[in-house]
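The values are calculated or read from the model by the stated rules, or taken from the named source; none is laboratory data. What you see is a predicted model; the values in this text were computed from it and never measured. For neighbour counting, all protein chains shown are included, and Cβ atoms are generated from backbone atoms with ideal geometry for every residue, glycine included.
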Amino acid sequence: MQIPEHLSTFRDKNILLLVAGKQNAALYHIHDGAIDETFKVGVERPHYSDNEGIYQAAPNSRVLTGSAEIRQDENVIRDFLKELDIKIKGLQGTFEELYLLAPSMSRNWIKESLPRSWQEKLVLEKEGNYMKEHPLALLEMLAT
């Protein structure tokens, strides 16, 4: 989609805009006065019942308890980063700058999983979950 005239700062640039949540992401390519969605990736969050838990026998006849939810969250994050890595490795082309919009809890994981060449081009980071925002609304926000 075309970038409006009032957002002219983005019209002559070649930028990748990575917008991410905890377990989903979208990549937009800003080039030649347009913004195009390159890909979306996401991992479904497992549904938990109220009765789930972990019980393990420990030495000295004690029982250890815990939550399955914590381990499942780690698996969801690991699966999401793996899917994101696969999508990124499949991309062709070059860009000048990378912008990352992600919540604080996942921003560092995402940054660390990016290829080194992408990390070197990262010029802007903004904290927050902007996955539901329209791409032009994201550009409006970044322009201010």
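Looking only at helices (runs of 4 or more DSSP H) that fall completely inside the range 69-144, which ones have 2 or more residues that are in contact with a strand residue (DSSP E or B) (Cβ under 8 Å, 6 or more places away or on another chain) and under 20 Å from Arg45 (Cβ atoms)?
Ranges flagged: 104-113.
Does the range 23-44 include one or more residues that are in a loop (DSSP other than H, G, I, E, B), at pLDDT 70 or above and on the phi > 0 side of the Ramachandran plot?
Quick first cut of the range 23-44, residues in a loop (DSSP other than H, G, I, E, B) only: 23, 32-33, 43-44.
Narrowing the set further to residues that are at pLDDT 70 or above leaves 23, 32-33, 43-44.
Okay, now just the ones that are also on the phi > 0 side of the Ramachandran plot, so 32-33.
For the range 23-44, residues in a loop (DSSP other than H, G, I, E, B), at pLDDT 70 or above and on the phi > 0 side of the Ramachandran plot: present.
Only one of these conditions is not met by Tyr28: (1) among the aromatic types (Phe, Trp, Tyr); (2) under 16 Å from the mean Cα position of the chain (by Cα); (3) under 14 Å from Glu96 (Cβ atoms). Which number is it?
Tyr28 satisfies all of (1) among the aromatic types (Phe, Trp, Tyr); (2) under 16 Å from the mean Cα position of the chain (by Cα); (3) under 14 Å from Glu96 (Cβ atoms) except (3).
Among all residue pairs at least 6 apart or on different chains, which show Cβ distances below 6 Å where the first residue, located in the range 26-42, is without any contact (Cβ under 8 Å) to a residue 40 or more places away in the chain and basic (Lys, Arg) and the second is in a strand (DSSP E or B) and surrounded by 15 or more Cβ atoms within 10 Å (Cβ to Cβ)?
Within 6 Å, the pairs are Lys40/Ala26.
So which residues in the range 96-124 are under 16 Å from Ala25 (Cβ atoms), surrounded by 14 or more Cβ atoms within 10 Å (Cβ to Cβ) and over 12 Å from the mean Cα position of the chain (by Cα), if there are any at all?
Leu98, Trp118, Leu122, listed by residue number.
Within the range 105-136, restricting attention to residues that are free of Cβ contacts under 8 Å to residues at least 24 places away in the same chain and of a type in the set (Asp, Glu), which residue is nearest to Val76 (Cα to Cα)? Show your work before the answer.
At the first step, the residues of the range 105-136 found to be free of Cβ contacts under 8 Å to residues at least 24 places away in the same chain are 108, 111-112, 116-117, 119-120, 132, 134.
Okay, now just the ones that are also of a type in the set (Asp, Glu), so 112, 120.
On the way: Glu112: 17, Glu120: 27 Å.
Here the residue is Glu112.
Evaluate the following for Met131: is it under 19 Å from Thr38 (Cβ atoms), surrounded by 12 or more Cβ atoms within 10 Å (Cβ to Cβ) and out of contact with any helix residue (DSSP H, G or I) (no Cβ under 9 Å at 6 or more places or on another chain)? Step through it out loud before you land on a result.
Working: under 19 Å from Thr38 (Cβ atoms): yes; surrounded by 12 or more Cβ atoms within 10 Å (Cβ to Cβ): yes; out of contact with any helix residue (DSSP H, G or I) (no Cβ under 9 Å at 6 or more places or on another chain): yes.
Here the answer is yes, as Met131 does meet what is asked.
For the range 5-22, indicate whether the set of residues that are modelled with pLDDT under 90, closer than 16 Å to Leu100 by Cβ and touching a Phe, Trp or Tyr at 6+ places or on another chain (Cβ under 8 Å) is non-empty.
yes
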